[in-house]
Protein chains: 2
Amino acid sequence: MVSSPSTSPATPIVSKRYELLTLGDELLLGLTANGHLTFIGAQLGRRGVLLQRNVTITDEADAIARQFRESWASADVIITTGGLGPTCDDRTREVLAEVLGQKLVFDPAIEQAIAERFVAFGRKMTPNNLKQAYKFERGEVLPNAHGTAPGLWVEQDGKVLCMLPGPPNELQPMFVEQVLPRLAKLGLLLDREAYIQLRTAGIGESALETRLQPIFDKRGDALSVAFCAHQGQVDCRVSSPSGKLSLAQLEDVAAECAQLLGEDFVGYGHDSMAKVCADLLRAQDKRLAVAETATGGLIAQAFTEVCGACKFFAGGVVCCSNDAKMELLDVPECLLLQHGAVSAEAAVAMATGAAETLSADYALAVTGFAGASAKNGTGGNPVGTIFIALHAPHGVWSKALSYPGPRQTVKSRAVNAALDWLRRELVRAQKGGAIPLRRTGVMQ
Amino acid sequence: MVSSPSTSPATPIVSKRYELLTLGDELLLGLTANGHLTFIGAQLGRRGVLLQRNVTITDEADAIARQFRESWASADVIITTGGLGPTCDDRTREVLAEVLGQKLVFDPAIEQAIAERFVAFGRKMTPNNLKQAYKFERGEVLPNAHGTAPGLWVEQDGKVLCMLPGPPNELQPMFVEQVLPRLAKLGLLLDREAYIQLRTAGIGESALETRLQPIFDKRGDALSVAFCAHQGQVDCRVSSPSGKLSLAQLEDVAAECAQLLGEDFVGYGHDSMAKVCADLLRAQDKRLAVAETATGGLIAQAFTEVCGACKFFAGGVVCCSNDAKMELLDVPECLLLQHGAVSAEAAVAMATGAAETLSADYALAVTGFAGASAKNGTGGNPVGTIFIALHAPHGVWSKALSYPGPRQTVKSRAVNAALDWLRRELVRAQKGGAIPLRRTGVMQ
């Protein structure tokens, strides 16, 4: 048995030590989530690097100097975020230059880029912006297409320091377009994805491993496999750190796995479940409608996040009250009175109503008790009870699900279950297969 | 002038050094956001503590030992999250015990609690769960009402170590109900909120400071003021670290500020804008409907997150296509053809349609181009153009807004602008004031 810890990557392929320093009191005060860790950690993981440490510290100069000195002593690559702006608490540039024994030098090219940006936005440049025009005397500049503060790049002592500005919309394109290629060129990470990722749904981590084991066994230790469970899905990552398997051979392994998994295989790569459903809908020229109570707009939100959603997303309805269900979705009042708003019957009527009202081919409906307060669970259904209905061109069905856990968990698992059900039906429709009529009981 | 860095707390009132160690490869691989930093950082900030450092490291035993040794040498309080579970990669307990020179001892009371939990859920307890029944020989146990792994508490060398399990629904109530009171009892943080927070909207940080300065000046250095800008709002925190002002005097300062701010004052404390609107709607026995395109369900989501939303939230419609607007909201086709779907006229028709269809007193509608791709901006309106309409019992109005920045920023700022507009109208309605008829131009 290959036994990989559930969330570890395939043995990191690149053995360099990476550290991320995220600067800012707003992170330590919980005012802003540390999205830089999530983004940079994932990007590095895809290139074979397991980020070894992320340290978040205050904007205080002494704390920055102390931490940077310690990190620089042991890391091969240090990435910093934040503290490059024009105001007086943006001191990172000066502090790190001192630790590295470098001078900061004024760069007229940066000044010009900043000035042009102010002209383009019709604003006046205040003098403190010139602070951002300084770079390390032995260093380079990473242009910032979306803000005034450029990134800074230093190679010294056989190590790399890369400083990036704090706003995510500035940092993220700089990281992908400039930082990754530079690091790859220095051999500090792979110049392609480190593994082939198979995204799966509806199957637990250990069951997945057991099912795929015969395929893995054929390749022996030439193959490395890792499983990453997140948000109700499990990703399987296959790689060959030793290089014994070529990319073509790895692609064969992945294709065998996908074949064996059948409908539990969602797709290769990193696409969200909503994106996968959207692609299937577009390929079949079908439109989707959504009716939600317990998930409060999350499913509509997932689909409208997909680029060009208008092409396949007919619309969504969020209805808490029975009035809204009757008014917007033509759910009969007698049905709600007889079966209750949280029932298989209500879910089916909501899905059908959404499809008809919005002239959609497919419709998803979710009703249930996601709430934390037990008093929500009425009519014999405990909190965590969710009914999902799927309306398709050839029929309508409902499922009862039961999730333990807090409100947020129930909601996100209900969203994933609904999307996965739609995905499976779209895959079957694409293959021309008929859907077996079914009405399942409570599933864990 | 009081000059506080934009995101610093009022001078930390408690000078103890707190560090947070978050453990787990899943954080470093970007599979899970580091929500523990956000939650614990905010909770400590409210009690007068500025968390000094958060370090995220891998599950590897050596890395944990090295980091803990370093942190224990300088910190007064160390909080760890994760690594307390039953599986083989949960090694934190053992590693930290070794560093502290303590033995782990089996605690039959913990075993019984775990066994009872398995019985309650009707599952079989596997032997590896007993690992969670060990505590430090000189330490205490923090019971976990929502999971199997209890927290652990150690006081040693004049310092505190507090170990918490990783799942947020287990950690968060333990932190609030057990950890905060214990730390307060030891004098390591305040036993009440460290400041009075005034939440504001529609006014920038520097303008806010200028406006409130006369009130602050009267109190001299007895008063400490900090501003925290986040998600389009600015919070103002007033405190008296020296203790020169009593709580009653601080409350007077806050009341003066609230009075002076008028409608820009959202409320005291930490309530979200949706919660504030919900309270106003409930107090006036009014119901709200929502119609969204550009915000794709985010406004409906914000309101359904509020407990008991059915009481005031009539429902929401997410409509990308013109068909949906016509079908669900009775928006006339000729209006959409004449003015376009992204127009003040469409927004007004959507708001009115939502209010009428859903029998609501108030309705918010948002339409616009949030998208990243410039080709979305058609009909003379650039990307970032948003129209908001508000339907109230006494009229309907629209506003054009223009936001630079990426899709996510445009969406969240549009949500905040819509909610804030509703809030202002509800406040005026409560006071019995009439709303001046207006139709504003493009606002930045």
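The values are calculated or read from the model by the stated rules, or taken from the named source; none is laboratory data. The structure presented is a predicted model; accordingly, all values stated were derived computationally and were not measured. Cβ atoms come from the backbone with ideal geometry, glycine included; neighbour counts cover every protein chain shown.
In region A:293-304, the qualifying residues are those that are more than 7 Å from chain B (Cβ to nearest Cβ) and touching a Ser or Thr at 6+ places or on another chain (Cβ under 8 Å), and the one that is nearest to residue A:357 (Cα to Cα) is A:293.
Every condition in (1) surrounded by fewer than 17 Cβ atoms within 10 Å (Cβ to Cβ); (2) among the small types (Gly, Ala, Ser); (3) within 11 Å of chain B (Cβ to nearest Cβ); (4) farther than 18 Å from residue B:71 by Cβ holds for residue A:74 except the one numbered (4).
Considering B:54, B:144, the condition of being crowded, with 21+ Cβ neighbours inside 10 Å, of a type outside the set (Gly, Ala, Ser), part of a loop (DSSP other than H, G, I, E, B) and out of contact with any His (no Cβ under 6 Å at 6 or more places or on another chain) is satisfied by B:144 alone. Please determine whether any residue of region B:118-131 is at pLDDT 90 or above and β-branched (Val, Ile, Thr). The answer is no; no qualifying residue exists. Close contacts from region B:98-119, counting a first residue that is among the acidic types (Asp, Glu) and a second that is part of a helix (DSSP H, G or I) and modelled with pLDDT of 90 or more, with Cβ to Cβ under 8 Å and a gap of 6+ residues or different chains, come to B:98/B:65; B:107/B:133; B:111/B:133.
Flag not set for residue B:210, criterion: among the β-branched types (Val, Ile, Thr) and touching a residue at least 40 places away in the same chain (Cβ under 8 Å). Return the total of residues in region A:383-435 being assigned to a loop (DSSP other than H, G, I, E, B), at positive phi and either more than 14 Å from every other protein chain (Cβ to nearest Cβ) or charged (D, E, K, R) (or both). Number of matching residues: 1.
The set of residues from region B:174-221 being over 30 Å from residue B:265 (Cα atoms) and either away from chain A (no Cβ under 14 Å) or surrounded by fewer than 18 Cβ atoms within 10 Å (Cβ to Cβ) (or both) comprises B:177, B:178, B:179, B:181, B:182, B:183, B:184, B:185, B:186, B:187, B:188. Can you find, within region A:9-50, the residue that is farthest from residue B:50 (Cα to Cα) among those that are under 17 Å from the mean Cα position of the chain (by Cα) and of a type in the set (Gly, Ala, Ser)? Residue satisfying both the conditions and the ranking: A:45. Checked against the criterion of being part of a loop (DSSP other than H, G, I, E, B), in contact with a Phe, Trp or Tyr (Cβ under 8 Å, 6 or more places away or on another chain) and not basic (Lys, Arg), region A:121-128 contains one or more residues that satisfy it. So which of B:87, B:22, B:81 ends up being among the hydroxyl-bearing types (Ser, Thr, Tyr) and farther than 14 Å from residue B:164 by Cα? Going through B:87, B:22, B:81 in turn, the sole match is B:87.
Per the conditions (1) facing chain B (nearest Cβ under 7 Å); (2) under 30 Å from residue A:207 (Cβ atoms); (3) at pLDDT 90 or above; (4) surrounded by 19 or more Cβ atoms within 10 Å (Cβ to Cβ), the sole criterion not satisfied by residue A:42 is (4).
Here residue A:402 passes the criteria (1) touching a residue at least 12 places away in the same chain (Cβ under 8 Å); (2) touching a helix residue (DSSP H, G or I) at 6+ places or on another chain (Cβ under 9 Å) except the one numbered (2). Residue count for region B:313-353 satisfying the condition of being among the hydrophobic types (A, V, I, L, M, F, W, C), touching a strand residue (DSSP E or B) at 6+ places or on another chain (Cβ under 7 Å) and more than 9 Å from chain A (Cβ to nearest Cβ): 9. Restricting attention to region A:224-273, the residues that are at positive phi and more than 22 Å from the chain's Cα centre (by Cα) total 2. Among the residues of region B:399-425 satisfying the criterion of being within 16 Å of residue B:301 (Cβ to Cβ) and among the polar types (S, T, N, Q), which is surrounded by the fewest Cβ atoms within 10 Å (Cβ to Cβ)? Ranking the candidates gives B:408 first.
Looking at (1) surrounded by 21 or more Cβ atoms within 10 Å (Cβ to Cβ); (2) part of a loop (DSSP other than H, G, I, E, B); (3) without any contact (Cβ under 8 Å) to a residue 60 or more places away in the chain, which is the one condition that is false for residue B:242? Evaluating residue B:242 over (1) surrounded by 21 or more Cβ atoms within 10 Å (Cβ to Cβ); (2) part of a loop (DSSP other than H, G, I, E, B); (3) without any contact (Cβ under 8 Å) to a residue 60 or more places away in the chain leaves (1) as the failure. Filtering B:317, B:276, B:290, B:306 for residues that are in a strand (DSSP E or B) and under 23 Å from the mean Cα position of the chain (by Cα) leaves a single hit, B:290.
Among the residues of region A:288-311, the one identified as in contact (Cβ under 8 Å) with a residue 40 or more places away in the chain and on the phi > 0 side of the Ramachandran plot is A:296.
Residue B:278 falls short on exactly one of the conditions (1) modelled with pLDDT of 90 or more; (2) within 28 Å of residue A:356 (Cβ to Cβ), and that condition is (2).
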